[in-house]
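The next block holds one structure in the form of structure tokens; read it before the comments.
Throughout, read-outs are computed from the coordinates displayed, never taken from laboratory work. Note that this is a predicted model, so its numbers are computed, not measured. No Cβ is skipped: glycine too gets one built from the backbone with ideal geometry, and neighbour counts run over all protein chains shown.
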Amino acid sequence: MAEPTRIKIRLAELLEARGLTLAELSRMVGVSTVNLSLLKNNHARAMRFTTLEAICEALDCEPGDLITRETA
């Protein structure tokens, strides 16, 4: 089992703030709902820069709005 990380994906908050669903974002960025769900629930092990860029463009945000690091 993978060790927990302090890196968190704020996709749920950003979707809620913009009134979008995961399915809508999936259609906008061309990434499967399953893969976006993994990101949203902090279960993804990696993310391509092209995916990060597409999500940021769709949500009109910066990478730092989407990816945060929890302090100890």
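For a quick check, take a GNM of the chain with Cα springs below 10 Å and name the residue from A12, A46, A23 with the largest mean-square fluctuation.
Evaluated over the chain, the most mobile residue of the options is A46.
Hey, got a sec? Which GluC sites (Glu not before Pro) in segment 4-72 land in a DSSP loop and have at most 13 other Cβ atoms within 10 Å?
E70
Which shape class, rounded, prolate or oblate, goes with segment 7-63 when its Cα gyration tensor gives a ≥ b ≥ c as root eigenvalues, a/c under 1.5 marks rounded, and past that a/b bigger than b/c marks prolate?
Rounded, because the longest to shortest axis ratio a/c is under 1.5.
Determine ³J(HN,Hα), in whole Hz, for all residues of segment 37-43 in sequence, where each value follows from phi through the Karplus function 6.51 cos²θ - 1.76 cosθ + 1.60 and θ = phi - 60°; x replaces Gly and Pro.
Rounded to whole hertz, the list is 5, 4, 5, 4, 9, 6, 10.
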